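Below is one structure, written out as structure tokens; the observations come after it.
The values are calculated or read from the model by the stated rules, or taken from the named source; none is laboratory data. Note that the coordinates shown come from a computational prediction; the quantities given were computed from them, not determined experimentally. Cβ coordinates were reconstructed from backbone atoms using ideal geometry, including for glycine residues, and neighbour counts include every protein chain displayed.
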């Protein structure tokens, strides 16, 4: 991916790590993403077992129908900072109401008891 490509918040994107590709959800806001070589992401999986701090999403939860081919689980408790250069492509964009659910789960995760 060339350096002119920008990855927007709420984007489900495909990354390449150690010869393996996998999806992530870009969490960091657009201003941060424009100013940094990194993005803040959380993981996705097709393992749909219910776990704390996870949200199940399907094609209805993205803005462009058909963009999310598999029902997936967003793992709000799996957060990482990644270099934008390892992102291969944007897959879809979560609807704002679904992204807010992810933000709420992260807030619940880091909230003091």
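The residues of the range 29-42 that are buried (at least 18 other Cβ atoms within 10 Å of the Cβ) and either within 11 Å of residue 80 (Cβ to Cβ) or out of contact with any strand residue (DSSP E or B) (no Cβ under 9 Å at 6 or more places or on another chain) (or both), listed by number, are 39, 40, 41, 42. For the range 1-18, the set of residues classified as under 12 Å from residue 86 (Cα atoms) and either outside any loop (DSSP other than H, G, I, E, B) or modelled with pLDDT of 70 or more (or both) consists of 13, 14, 15, 16, 17, listed by residue number.
With respect to the stated conditions, residue 55 is in contact with a strand residue (DSSP E or B) (Cβ under 7 Å, 6 or more places away or on another chain) and at pLDDT 95 or above. Please tell me if residue 48 is buried (at least 18 other Cβ atoms within 10 Å of the Cβ), on the phi < 0 side of the Ramachandran plot and at pLDDT 90 or above. No, not satisfied. Go through the range 19-38 and report how many residues are outside any loop (DSSP other than H, G, I, E, B) and more than 10 Å from the chain's Cα centre (by Cα). Within the range 19-38, residues that are outside any loop (DSSP other than H, G, I, E, B) and more than 10 Å from the chain's Cα centre (by Cα) number 10.
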